[in-house]
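Notes to accompany the following structure.
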Amino acid sequence: MKMGEQLEKMYDVELKPGAGEAYVCNLTKPEFAEVMATDIPKEPLPDHEMVPVALRKLDRMRKERKSVQLYLDICVRCGACIKQCHYFIGTGDPKNTPVGRAELLRKVYRAHFTISGKLFGSLVGAQKLTPEILKNEWYKYFYQCSECRRCSVFCPYGIDQAEITMAGREVLNSVGLAPKYVTQVISQVYKHGNNLGIPEPAFKYNCQFLEEEIKETTGVDVKIPVDKEKADILYLPPSADLFTNTDTMIGVAKVFHAIGADWTMSTYASEAANFGLFFSYDDMKTINLRVVETAKKIGAKLVIFGECGHAWRAARQFMEAMNGPLPFKFMNILEFTADLLRKGKLKNIDKSRNDDVVVTLHDPCNYARAGDLVEETRYVIQQVCNNFHDMDPSVTKERTFCCGGGGGLLTEELMELRMKGGLPRATAVKEVVEAHGVNYLAAPCAIDKAQLPLVMQHYNIPVQVGGIHDLVGKALILEGQEEFEAKKKAEEEAAKAAAAAVPAVCGLCDAEFATMDECCEHAEKDHKISKEQCDMACEPKEGAGAAAVPAVCGLCDAEFATMDECCEHAEKEHKISKEQCDMVCESKQ
Amino acid sequence: MGVLANFVVNVLPYITLVVFVVGVVYRIAVWWSRPSPAPIPVFPGQRSVGDAVVRVLADVLLFRSLFRFSGNRILWLGSWLFHISFGLILLRHLRYFLGAEAVPGWVNALQGIGVAAAVVISVPLLYLLLRRIVHADIKWISTPADYFVLLLILSVVLSGLYAKFFAKPFVVDVKYVIRSLMAFQPVDLDKVYLSTSFLVHFFLVQVLFMYIPFSKVMHFGGVFFSPTRTHYFGGESHTKSQEEV
């Protein structure tokens, strides 16, 4: 099948009104609600208080944000956005279309805030707000939008569903309808500095552990510094890179090492991601402030954000506007590495080390549409890999499809929805796997790295999901690494050769062979046992292991490379027959 | 008939004008004055003001965003044809407004294509109407107001075509009406020949223009304010080169 054909078929979606009603986020708990920077009730307000509070908040939202006011006003319901939404493609629920979801808010806006809505009601699509609308429609459907902004690309007016969703969520927050997952994650940032809630000692321990791992594989002392008092560069990883996506962290550390950067991470701001983006401006600003304060404290001239999509939007589009002016410059790690590669500052790159992978790239939504970051990702991959194939152009760059788990939806109770939302991305990956034998899905975003492996498994697509700096780390050779590797390889080969040179015996027919390899060949030929399973048939000849061991003659202290040589010597010099050799020769140990 | 016609010709136009102008100015003033807490551009596109201008114009003139998805191409054609025809029809009608004696040359030059547009526009109009009925998803999202505005424009078009081709009013009479209104001079209905179909057309046009400020038709102004398109990727602190640090 041609690339793009399976995608085309995907757009034939059967309409299933109400299909999305099954998916709902667990409500927050008081201990999470009370630590939010946004002032929200600890539990849902009683019904009679809900509507007036919500309307006041909605009125504020439209007055404080041009986008909200405009996007409530100018939609013509042409439907161009309908098939651009992955949750619609997955569920078929018309309320899961950008227009359908936005209309949930618009109909209330019209009824309460417009002349035509007040005069003509449902004739102009107006409906007064009720607690049921908030609980059963808004709370469900505004958490079935991942704020990926794909719809905006295709809308004739650029209407951005994410702006409507964010406003809708802020209204929901004001009446105490906030999700547990997002509030819990934010509360962990306020407590421990990162989304996963890794306490300071564990964070530091993990960095040491990764340092040791790099040392073991490369022989190089690569530092992963934490809480240095002064540093030129403050690096913000997605905290998952310290636990599950450690190869990404290793790759980044190797890059910094290679250019001799003066960098550090911070346990106060140990997270690139900013879940405030999914919750409220106030919390987004508060989380960004931790970064700004830390950078100021350590005198960082440059702040670098790790492989994380939403982090990049919160930084690229909001940090300066909310927390500025900033006393530093900031970059994404991919911009940083691309810049180094372009200027030839990462000298020793061996692309062939990534020859085991055929790579395709999932553009994180917030890189591609909100981060001006589509060229650097591709450039870096192509500089460190020989095999790269893009997916169909209808689903890459600014047209990229969400992984299905963004926007604060990466939670267990929404698993079914997440898999449905992952359908478009899975379809696109399947195409490129079939066309080019892709086996590595590069996804430079922590949410992708958590979500996409599940999606690929769900749709039976045999690809590994990983970061871009995982590949950089593999290809980038540090000073001293090659010598270490050569030495290690020589040692390994010697050991292997020694083992292979041992005489072997076939356990099925008792035939004897000079080496294990010969025995394996025999087993394959005569007993139909594949070489991988050779150990089922062949085993080293008894006592043979000793033959390869250096030996010493007990009579004259002469030393020999093998037991055999010693025995020959004993027969010749000391007239001791080979059968009695053990009387004189013994292994050197 | 006399009283009603007198109202439609001599009174309603001023009401229409006030409602339309005040309404549109108010709506745009609201958008204009709302703050943008942060730049929220959506790629592809804009790294400068110039890029943003190009992007908005490409959408206004060519409906580029609709063209992006292959599944939307018929919609793109239908709506572009509709809007371009609507524009040409509006321009054609300037002959009734401009020039006390002779119509400016460029307006004259537009008459042929303007009339053709008036004939053509029914096709995309019917398409836009039908798709709301035929496609289950579009039907689901449509409100009565969406059908109303299409039917209103369709009736304006049909009454206009009827007035022009079948009732055949005198162009000078229509122009006399418009110029009198522009000069705030009451029109003496006994001195001009105005067909019923013209009066119906004139009335419906005024309904349409009064309806605009209260409706989604305001997208014609809103499209110039959309933050995802008018904002651009800038910022003092972001850099793509570590050497700048």
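The values are calculated or read from the model by the stated rules, or taken from the named source; none is laboratory data. Everything quoted here is computed from the prediction, not taken from an experiment. Because the Cβ atoms are built from the backbone with ideal geometry, glycine has one as well, and the counts that use them run over all protein chains shown. With ligands, DNA and RNA removed, areas are computed over all heavy atoms of the protein, side chains included. Shrake-Rupley method; radii C 1.70, N 1.55, O 1.52, S 1.80 Å.
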Place a +1 charge on the Cβ of each Lys and Arg in the stretch A:183-475 and a -1 charge on the Cβ of each Asp and Glu, then give the dipole magnitude about the Cα centre in debye, rounded to the nearest 20. 600
Residues losing 30 Å² or more accessible surface upon assembly, the stretch B:66-106, compared with the chain by itself, 1.4 Å: B:Leu66, B:Arg68, B:Phe69, B:Asn72
Between B:Thr196 and B:Leu91, what length comes free when the chain is fully extended (0.36 nm per residue of separation minus the Cα-Cα distance, one decimal in nm)? 35.4 nm
Under 5 Å from the placed amide H of A:Asn332, counting only residues 5+ away or on other chains, we find A:Phe305
Trypsin sites (Lys or Arg not before Pro), restricted to the stretch A:457-541: which are DSSP loop and have at most 13 other Cβ atoms within 10 Å? A:Lys528
For peptide A:162-171, what's the mean number of Cβ atoms from other chains within 10 Å of each residue's Cβ? 1
Straight-line reach from B:Lys175: which aspartates and glutamates have Cα under 13 Å away, leaving out those fewer than 8 places along the same chain? B:Glu101
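Could you tell me the calculated FRET efficiency between B:Val119 and B:Phe220, based on Cβ-Cβ distance and R0 = 22 angstrom, to the nearest 0.05?
Result of the calculation: an efficiency of 0.45.
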Please work out the Cα center distance from the stretch A:8-85 to the stretch B:31-104, rounded to the nearest Å. 29
Using the Cβ atoms and a cut-off under 13 Å, what net charge is assigned to the surroundings of A:Ala435, where Lys and Arg are +1 and Asp and Glu are -1? -3
Expressed in angstrom and ordered largest first, the alpha-carbon extents of the stretch A:183-475 along the principal axes are 51, 44, 32
Apply the Karplus curve 6.51 cos²θ - 1.76 cosθ + 1.60, θ = phi - 60°, to the phi angles in the stretch B:44-49 and return the couplings in whole Hz, x for Gly and Pro. x, x, 9, 10, 7, 4
Can you compute the charge dipole magnitude of the protein assembly as shown about its Cα centre, using +1 on each Lys and Arg Cβ and -1 on each Asp and Glu Cβ, nothing else charged? Give it in debye, rounded to the nearest 20. 6880
Could you work out the local net charge near A:Gly466, counting Lys and Arg as +1, Asp and Glu as -1, over the other residues with Cβ closer than 14 Å to its Cβ? -4
Please list, by residue number, everything in the stretch A:208-229 whose backbone N is under 18 Å from a paramagnetic label point 7 Å out along Cα→Cβ of A:Glu491. A:212-222
In whole angstrom, the spacing between the Cα centers of the stretch B:146-160 and the stretch A:308-354 equals 54
Say the dipole of the protein assembly as shown comes from +1 at the beta carbon of Lys and Arg and -1 at that of Asp and Glu; which of B:Tyr232, A:Thr400, A:Met265 then lies farthest toward its positive end? B:Tyr232
First measure r as the distance between the Cβ atoms of B:Ser180 and B:Val60, then evaluate 1/(1 + (r/R0)^6) with R0 = 22 Å and state the FRET efficiency to the nearest 0.05. 0.05
Only helical DSSP H runs with n ≥ 4 go in: add -39500 (n - 2.57) per run for chain A, normalise by residue count and round the 222 nm mean residue ellipticity to 500 deg cm²/dmol. -13500 deg cm²/dmol
What's the extension gain from A:Ala435 to A:Tyr11 if we count 0.36 nm per residue and subtract their Cα-Cα distance? 150.6 nm
Considering every Cα-Cα pair within the stretch A:200-319, what fraction, in whole percent, is farther apart than 23 Å? 28
Around A:Asn274, with a cut-off of 9 angstrom between Cβ atoms, what is the net charge of the other residues, counting Lys and Arg +1 and Asp and Glu -1? -1
Under Stokes-Einstein, the protein assembly as shown at 20 °C and 1.002 mPa s, with its Kirkwood radius over C-alpha pairs, diffuses with a coefficient in µm²/s of 68
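Tell me the mean residue ellipticity at 222 nm calculated for chain B from its helices only (DSSP H runs of n ≥ 4, each -39500 (n - 2.57), averaged over every residue, nearest 500). Intermediate values should be presented prior to the final figure.
On the way: 14 runs with 154 residues, N = 245.
Helices in chain B give a 222 nm mean residue ellipticity of -19000 deg cm²/dmol.
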Name all residues of the stretch A:449-464 having a backbone nitrogen under 20 Å from the label point set 7 Å from the Cα of A:Glu532 along its Cα→Cβ direction, giving them as ranges. A:461-464
Let's test the formula: R0 of 45 Å, r as the Cβ-Cβ distance of B:Lys164 and B:Ile28. What FRET efficiency results, to the nearest 0.05? 0.85
Solvent-accessible area, 1.4 Å probe, carbon plus sulfur percent, for chain B: 74
How much area per residue is accessible in the protein assembly as shown when the probe is 1.4 Å and only protein heavy atoms are counted (Å²)? 42
Between the modelled labels at B:Leu77 and B:Val49 (7 Å from Cα along Cα→Cβ) the distance in nm is 4.0
Inter-chain shielding of A:79-86 (mean C-beta neighbours from other protein chains, 10 Å cut-off): 5
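With both bridge residues required to lie in the protein assembly as shown, what share of the DSSP beta bridges run antiparallel, to the nearest 5%?
Expressed as a percentage, antiparallel bridges in the protein assembly as shown total about 40.
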Using the basic label-point model (7 angstrom from Cα toward the beta carbon), what is the A:Gln580 to A:Arg56 distance in nanometres? 10.8
Between B:Asn6 and B:Ala136, how many nm apart are label points set 7 Å from Cα along the C-beta direction? 5.7
Potential extension, A:Tyr190-A:Asp39 segment - 0.36 nm per residue separation minus Cα distance: 52.9 nm
